[in-house]
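Taking it in order: structure first as structure tokens, then the write-up.
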Amino acid sequence: MDYLKISKLFLKISVLCVAIVTVSTLFPFIVGKYSWFRASVDIALVFFCLGLIFQRNLEPIWDQFRRMFRSPLVWMVTLFIAVFLLACLFGVNPHWSFWSNFERGEGGFQMVHLYVFFFLLVLLFREEKDWQSIMKWFLTGGFLMVLYGVAAGFKWSGFVGPAFGDSGYRFQGSIGNPAYVAIFAVFMVFYCLYLLFNRYRQNLKSAGAITLFVLLAVFLATFFAAATRGTFVGLIAAIVVFLGYFAYSHKAWRKRALLAGIVIITFVVIMGIFKDTKFVQSIPGSRVFDLSVTAQTFSDRVKIWNMAWNGFLARPVLGWGPENFIQVFYRYFTPDFFSPSVGFGAWFDRAHSFIFDYLAETGALGFLSFAGIFVAFFWKFFRSQSQDAETSFSRRPLLERSLIFALPVAYLVQGLVLFDVLPIYMNIFFFMAFAVYLFQSDQSPKKNSPQFRQS
């Protein structure tokens, strides 16, 4: 029995958690997901350990283990998890920080599972086909997420969610929150484009490529149906960065890429100016063009960010502990946040910005270690482009490299006004594990392979 293959299978199965909805639980969009994810990762870890005990020819695994800790990305992810757990231990309520609650299902215990997920991906997924395969599992889960939302929209029995035609309708799929549907859809768009650029670039008329084009259209439609403004800004920023990197690296396309960027920005600005006209409001998902800082949701966030900052100043090193933001909210609640029309004002158990969430809950050490992951990513990205780079990444097609460069930008920009939940954590940990593979120095691809031919 190949225990390591079974371990890899359960890692793939774990990403289907996004499609799980448990209507029998108090929080149907949360409990089933983290239960599925943790169980799958735990089983993957068990079979990995059995493989270490009973299988022979484990030299590739030990070799990969030695190589992975040469990666600054691995060290930064490890440091972030370590600091996160320290913040749990020294927070105002360590038990709550580590175990979280039934509603959220986050905390240190969740982070340990995400790290095991990351760690096993880096160790076991050592070939391009492995990463392409799990991306297809992500897309499968994402498509099931969309189908759930469609069924709920038609009010089919047993499916929870808003109906099509409801006032202020926004698509929430099986995730249960349109804000996370939008950024999840961005990751799905990335997987579609990466597979098209990498696997089907030479055969765009194949069944696989056509399927990806269909999925790409589905997830773009899902993105706009979710109508999330912060993620829309993140996507625009990612597109501009994609075009900028592509133009910088490909002189022949520089003017066209620059023009495309100007057109996109101009279009968004114009739509924002005329956001209140009947024409713009008649466009599905037009909410994304309402980018005014005077919007109530933004005003609420500014007030809660001020509370989070005060909380950070009170405990600046390791913060109040993960899952303990409600303590900050209670202690630094300001009277101007009170609104009799809605009871007492908006209720927050998160700061709705990963900057202020990490500062308040994990302190400066937690925030800096989290930021360090992305510093390491971009440093390694540009280091891999240098003339003396030993990686195969610089020989990948420019479209692939531009896409990989742009995705973290979309995530970081939307995260300025949103915090992470399992479906998003899972994708960003996966992406960083994938980046470790991309930047490794000994992939040794064949230079004449179409996959690595320069654009």
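The values are calculated or read from the model by the stated rules, or taken from the named source; none is laboratory data. Computed from a prediction, not measured in an experiment: that's the story for all the values here. Here the Cβ positions follow ideal geometry from the backbone for every residue, glycine too, while neighbour counts run over all protein chains shown.
I need a count of the residues in segment 348-362 that are of a type outside the set (Lys, Arg) and outside any helix (DSSP H, G or I). Quick ask: steps written out before the conclusion?
So the first thing to find is which residues in segment 348-362 are of a type outside the set (Lys, Arg), and the list is 348-349, 351-362.
Filter once more, keeping what is outside any helix (DSSP H, G or I): 348-349, 351-353.
Adding up the residues that qualify gives 5.
In segment 416-428, how many are under 19 Å from residue 378 (Cβ atoms) and surrounded by fewer than 23 Cβ atoms within 10 Å (Cβ to Cβ)? Show your work before the answer.
As a first pass, look at segment 416-428 and keep what is under 19 Å from residue 378 (Cβ atoms): 416, 427-428.
Subset that is surrounded by fewer than 23 Cβ atoms within 10 Å (Cβ to Cβ): 416, 428.
Adding up the residues that qualify gives 2.
Just checking, how many residues over segment 367-419 are charged (D, E, K, R) and under 26 Å from residue 188 (Cβ atoms)?
Here is the first cut: in segment 367-419, the ones charged (D, E, K, R) are 380, 383, 388, 390, 395-396, 400-401.
Keeping just the survivors that are under 26 Å from residue 188 (Cβ atoms) gives 380, 396, 400-401.
Matching residues across segment 367-419 total 4.
Which of the residues that make up segment 281-319 are β-branched (Val, Ile, Thr), assigned to a helix (DSSP H, G or I), surrounded by fewer than 19 Cβ atoms within 10 Å (Cβ to Cβ) and at pLDDT 80 or above? Outline the logic, then answer.
At the first step, the residues of segment 281-319 found to be β-branched (Val, Ile, Thr) are 283, 288, 293-294, 297, 302, 304, 317.
If we keep only those that are assigned to a helix (DSSP H, G or I) too, we end up with 288, 297, 302, 304.
With surrounded by fewer than 19 Cβ atoms within 10 Å (Cβ to Cβ) added as a condition, the list becomes 297, 302.
Matches in segment 281-319: 302 only.
Please count how many residues of segment 401-426 are more than 22 Å from residue 77 (Cβ to Cβ) and either in contact with a Leu (Cβ under 9 Å, 6 or more places away or on another chain) or not in a helix (DSSP H, G or I) (or both).
Looking only at segment 401-426, we keep the residues that are more than 22 Å from residue 77 (Cβ to Cβ), and these are 402, 417.
Those left that are additionally either in contact with a Leu (Cβ under 9 Å, 6 or more places away or on another chain) or not in a helix (DSSP H, G or I) (or both): 402.
The qualifying residues number 1.
Which one of these is free of Cβ contacts under 8 Å to residues at least 60 places away in the same chain, of a type in the set (A, V, I, L, M, F, W, C) and under 17 Å from residue 112 (Cα atoms): 79, 85?
Details: 79 fails: free of Cβ contacts under 8 Å to residues at least 60 places away in the same chain.
Within the list 79, 85, the selection yields 85.
Can you find, within segment 123-175, the residue that is nearest to the chain's Cα centre (by Cα) among those that are small (Gly, Ala, Ser) and in a helix (DSSP H, G or I)? Steps first, answer last, please.
Start the filter on segment 123-175 by keeping residues that are small (Gly, Ala, Ser), which leaves 133, 141-142, 149, 151-153, 157-158, 161, 163, 165, 167-168, 173-174.
Checking the rest, the ones that are also in a helix (DSSP H, G or I) come to 133, 141-142, 149, 151-153.
Values: 133: 18, 141: 14, 142: 13, 149: 20, 151: 25, 152: 24, 153: 25 Å.
Across segment 123-175, the extreme among qualifying residues is 142.
May I ask you to list the residues in segment 33-63 that are of a type outside the set (A, V, I, L, M, F, W, C) and surrounded by 17 or more Cβ atoms within 10 Å (Cβ to Cβ)?
Filtering segment 33-63 for residues of a type outside the set (A, V, I, L, M, F, W, C) gives 33-35, 38, 40, 42, 51, 55-57, 59-60, 63.
Within segment 33-63, 33, 34, 38, 40, 51 meet the criteria.
Please count how many residues of segment 194-235 are out of contact with any Phe, Trp or Tyr (no Cβ under 6 Å at 6 or more places or on another chain), over 22 Å from residue 401 (Cα atoms), among the small types (Gly, Ala, Ser) and crowded, with 19+ Cβ neighbours inside 10 Å.
2
Would you kindly identify the helices (runs of 4 or more DSSP H) lying entirely within segment 1-85 that contain at least 2 residues that are among the β-branched types (Val, Ile, Thr)? Give the derivation first.
Numbers: elements: 3-14, 31-54, 59-68.
Where helices (runs of 4 or more DSSP H) fall fully within segment 1-85 and carry at least 2 residues being among the β-branched types (Val, Ile, Thr), they are 3-14, 31-54.
Test each condition in (1) touching a residue at least 60 places away in the same chain (Cβ under 8 Å); (2) not in a helix (DSSP H, G or I) for residue 187 and report the one that comes out false.
All conditions are met except number (2).
If you check every pair at least six apart or on different chains, which have Cβ atoms under 7 Å apart with a residue in segment 365-384 that is farther than 11 Å from residue 412 by Cβ first and a residue that is small (Gly, Ala, Ser) and part of a helix (DSSP H, G or I) second?
Note: pairs meeting the criteria are 366/87; 384/394.
Among the residues of segment 399-411, is any in contact with a Ser or Thr (Cβ under 9 Å, 6 or more places away or on another chain), surrounded by fewer than 21 Cβ atoms within 10 Å (Cβ to Cβ) and hydrophobic (A, V, I, L, M, F, W, C)? Talk me through it step by step, then tell me what you get.
Start the filter on segment 399-411 by keeping residues that are in contact with a Ser or Thr (Cβ under 9 Å, 6 or more places away or on another chain), which leaves 399-402, 410.
Right, trim to surrounded by fewer than 21 Cβ atoms within 10 Å (Cβ to Cβ) and you get 399-400.
Those left that are additionally hydrophobic (A, V, I, L, M, F, W, C): 399.
Yes, the conditions are met somewhere in segment 399-411.
Hey, any hits in segment 367-381 for a residue that's at pLDDT below 95 and part of a loop (DSSP other than H, G, I, E, B)?
no
Looking at segment 125-141, I want the residues that are more than 23 Å from residue 173 (Cβ to Cβ) and have a partner that is among the hydroxyl-bearing types (Ser, Thr, Tyr) with Cβ atoms under 7 Å, at least 6 apart or on another chain. Which pairs are those?
Correct list of pairs: 125/437; 131/437.
Please identify the pairs in which a residue from segment 1-15 that is farther than 16 Å from residue 122 by Cα has its Cβ atom under 8 Å from the Cβ atom of a residue that is surrounded by 18 or more Cβ atoms within 10 Å (Cβ to Cβ), counting only partners at least 6 apart or on another chain.
Short answer, once both residue conditions are applied: 2/51; 3/47; 3/48; 3/51; 13/40.
Could you figure out which of (1) at pLDDT 85 or above; (2) in a loop (DSSP other than H, G, I, E, B) isn't true of residue 269?
Against the list (1) at pLDDT 85 or above; (2) in a loop (DSSP other than H, G, I, E, B), residue 269 comes up short only on (2).
Restricting attention to segment 340-366, and to residues there that are among the small types (Gly, Ala, Ser) and farther than 24 Å from residue 229 by Cα, which single residue is modelled with the lowest pLDDT?
Going through segment 340-366, the residues among the small types (Gly, Ala, Ser) turn out to be 341, 343, 345-346, 351, 353, 360, 363-364, 366.
Restricting the remaining residues to those that are farther than 24 Å from residue 229 by Cα gives 341, 343, 360, 363-364, 366.
Details: 341: 63, 343: 52, 360: 97, 363: 97, 364: 98, 366: 97.
Out of the qualifying residues, it is 343.
Pairs under 8 Å by beta carbon, first residue touching a residue at least 60 places away in the same chain (Cβ under 8 Å) in segment 246-257, partner surrounded by 15 or more Cβ atoms within 10 Å (Cβ to Cβ) and small (Gly, Ala, Ser), six or more apart or different chains?
Close Cβ pairs satisfying both conditions: 246/257; 246/402; 249/402; 250/257; 250/455.
For residues that are under 15 Å from residue 17 (Cβ atoms) and either among the hydrophobic types (A, V, I, L, M, F, W, C) or crowded, with 17+ Cβ neighbours inside 10 Å (or both), tally how many sit in segment 128-163.
Start the filter on segment 128-163 by keeping residues that are under 15 Å from residue 17 (Cβ atoms), which leaves 134, 137-145, 148.
If we keep only those that are either among the hydrophobic types (A, V, I, L, M, F, W, C) or crowded, with 17+ Cβ neighbours inside 10 Å (or both) as well, we get 134, 137-139, 141-145, 148.
Qualifying residue count for the region: 10.
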